[in-house]
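Novice: To start, I am sharing the structure in question, which I have written as structure tokens.
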Amino acid sequence: MKKGTCILAYSGGLDTSVCIRWIIENYDLDVIACVVDVGQERVDTLDAIQQKALDIGAIQSLVLDVRDEFAQDYVALSLMTNGMYENKYPLVSALSRPLISKRLVALAKELDAEYIAHGCTGKGNDQVRFETSIAALDPDITILGPVREWELTSRDKAMDYAEKHGIPVPTTKVSPYSIDDNMTGRAIECGVLEDPNVAPPEDVYTITQDPKRVDAPDEEIVTLTFKEGLPVAINGQQMDLTALIEEMNAIAGPHGVGRIDMIENRLIGVKSREIYEAPGMMALITAHKALEELTLERETMHFKLGLEQQWSQLVYFGKWFSPLKLAIDAFMASTQRYVTGDVRLSLYRGNCVAVGRTSPYSLYDFGLATYDDSDQFNHTAAKGFMELYSLPIKVWSQVQSGALPNTRKDKIE
């Protein structure tokens, strides 16, 4: 009888490397390891990661390069939305999961695999992101979550299992960090980081430099050009979005921009201490917001702020393919039609500040904004406006009489 086949979302890290052997031993399935390349850092080369999966026992090991698709169809939407969960975290891991899920489902259909597996823990966010996305794309496929089931209840036990079975992994008991990354940044947790009162050791950071260093670079001014809500050039040099994000990481990282240390509210309800590095994304979102301030009219901008938080929460909660998120996408796209222009950023010792912005669609009118002799604002119109603007609350106050606190004593005897 032919064995069943399982497509494993493979990274080459501790959990997914152990997953290969564990699935074979406990489910008696053939495992096809699939690395989906979304621009992540690698300790090993892709060839080495592929070979390691085969050495562990996978019958096939694949690498799918989806960097451009990730940038254009996922990161682009987040930039237009200013996507940041709890207004801090630029959705690094959450952005990649729906695309990885999409590719795993397509691969399962192509290879007639009955199962898809992931290496997520039972109290993390990623299990929800993977399984919700997979269910939306193929509600009939069976999903396996070995890390939720196995007896390896700690990372130390998983490392012992790996050592026992000759599985090489980058994680050690000396450096036990759990890391996920892609072209938008890095997410780091575990080890000493689990104590929220311990400052992150400098060795957790790899794409940003300590801004307190004596040899930290001097202030750098960078000009970003946007067209319809998306960055298209740095300092006048046009490039595709994938290259632009990578270049912004390289520019902003040495200045220490994009280090985030937060207590995060996970989907399942627990609080978690998370460390992030996202130099390029934080710089791009800062610039995008500055350009929106110039080009979006007030009511649209204020309404968009609320939807940005809703959108970010939907993505963080794994609902990329949900009807509400898709509807918000359409709204966001409609707001970006005139978000075109240049923004100058100052990068210096961990700070990223917009210091200039221009746009052919700027709603800023110097003649209306200035207080000097060129002021064109009709100040006499303000008197009538004040009467009409305050009229509702004036009538309410008259009717309510002594109901307002700290105004009159109650007349009820």
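The values are calculated or read from the model by the stated rules, or taken from the named source; none is laboratory data. This is a predicted model, so every value here is computed, not measured. Glycine also receives a Cβ, built like all others from the backbone with ideal geometry; neighbour counts cover every protein chain displayed. Just so you know, the surface numbers come from the protein's heavy atoms only, side chains and all, with ligands and any DNA or RNA stripped out. Shrake-Rupley method; radii C 1.70, N 1.55, O 1.52, S 1.80 Å.
Novice: Which one is surrounded by the fewest Cβ atoms within 10 Å (Cβ to Cβ), of the residues in the stretch 182-199 that are assigned to a loop (DSSP other than H, G, I, E, B) and in contact with a helix residue (DSSP H, G or I) (Cβ under 6 Å, 6 or more places away or on another chain)?
Specialist: Top of the filtered list is Val198.
Novice: Restricting to the stretch 32-73, and then to whatever is more than 12 Å from Tyr10 (Cα to Cα) and touching a Phe, Trp or Tyr at 6+ places or on another chain (Cβ under 8 Å), can you tell me which residue is most open to solvent (accessible area, probe 1.4 Å)?
Specialist: Once the filter is applied, the top-ranked residue is Gly39.
Novice: Can I ask one more? Checking the condition polar (S, T, N, Q), modelled with pLDDT of 95 or more and closer than 19 Å to Tyr89 by Cβ, which residue from Ser312, Ser334, Ser346 passes?
Specialist: The unique qualifying residue is Ser312.
Novice: A follow-up question, please. Within the stretch 102-153, how many residues are of a type in the set (Gly, Ala, Ser), in a helix (DSSP H, G or I) and in contact (Cβ under 8 Å) with a residue 24 or more places away in the chain?
Specialist: Number of matching residues: 3.
Novice: Would you check which residues across the stretch 131-147 are touching a Cys at 6+ places or on another chain (Cβ under 7 Å) and aliphatic (A, V, I, L, M) and list them?
Specialist: Answer for the stretch 131-147, where residues must be touching a Cys at 6+ places or on another chain (Cβ under 7 Å) and aliphatic (A, V, I, L, M): Leu144, Val147.
Novice: Okay, moving on. Picking from Val343, Val315, which residue would you name as being over 20 Å from the mean Cα position of the chain (by Cα) and surrounded by 20 or more Cβ atoms within 10 Å (Cβ to Cβ)?
Specialist: Of the residues listed, the single one that is over 20 Å from the mean Cα position of the chain (by Cα) and surrounded by 20 or more Cβ atoms within 10 Å (Cβ to Cβ) is Val343.
Novice: If Asn125 satisfies every condition in (1) among the polar types (S, T, N, Q); (2) over 27 Å from Gly269 (Cα atoms); (3) crowded, with 19+ Cβ neighbours inside 10 Å but one, which is the exception?
Specialist: (2)
Novice: Next up: Sort out which residues of the stretch 1-23 are over 32 Å from the mean Cα position of the chain (by Cα) and either surrounded by 23 or more Cβ atoms within 10 Å (Cβ to Cβ) or modelled with pLDDT under 90 (or both), and write them in order of number.
Specialist: Matches in the stretch 1-23: Met1, Lys2, Lys3.
Novice: Continuing with this model, one more query. I'd like the full set of residues that are open to solvent by 10 Å² or more (accessible area, probe 1.4 Å) and either charged (D, E, K, R) or in a strand (DSSP E or B) (or both), limited to the stretch 240-273.
Specialist: Asp240, Glu246, Glu247, Arg259, Ile260, Asp261, Ile263, Asn265, Arg266, Lys271, Ser272, Arg273
Novice: To continue, here is another question. Can you report the number of residues in the stretch 103-122 which are closer than 26 Å to Ala327 by Cβ and surrounded by fewer than 22 Cβ atoms within 10 Å (Cβ to Cβ)?
Specialist: Final tally of qualifying residues: 3.
Novice: Sticking with this one: Here is a list: Gly145, Gly166. Which entry is at pLDDT 90 or above, farther than 30 Å from Ile285 by Cβ and either open to solvent by less than 60 Å² (accessible area, probe 1.4 Å) or more than 17 Å from the chain's Cα centre (by Cα) (or both)?
Specialist: Gly145
Novice: Look at the stretch 218-239 and say how many of its residues are touching a residue at least 60 places away in the same chain (Cβ under 8 Å) and open to solvent by less than 90 Å² (accessible area, probe 1.4 Å).
Specialist: Selection size over the stretch 218-239: 10.
Novice: Would you kindly identify the helices (runs of 4 or more DSSP H) lying entirely within the stretch 24-84 that contain at least 1 residues that are of a type in the set (Lys, Arg) and at pLDDT 95 or above?
Specialist: The helices (runs of 4 or more DSSP H) meeting that bar are 67-70.
Novice: Which of the residues belonging to the stretch 318-350 are touching a helix residue (DSSP H, G or I) at 6+ places or on another chain (Cβ under 8 Å), more than 12 Å from Thr295 (Cα to Cα) and not hydrophobic (A, V, I, L, M, F, W, C)?
Specialist: Of everything in the stretch 318-350, those that are touching a helix residue (DSSP H, G or I) at 6+ places or on another chain (Cβ under 8 Å), more than 12 Å from Thr295 (Cα to Cα) and not hydrophobic (A, V, I, L, M, F, W, C) turn out to be Gly318, Lys319, Ser322, Lys325, Asp329, Tyr348, Arg349, Gly350.
Novice: If you don't mind, another one. Open to solvent by 10 Å² or more (accessible area, probe 1.4 Å), touching a residue at least 12 places away in the same chain (Cβ under 8 Å), farther than 15 Å from Leu77 by Cβ and in a helix (DSSP H, G or I), is that true of Met301?
Specialist: So Met301 does not fit the description; no.
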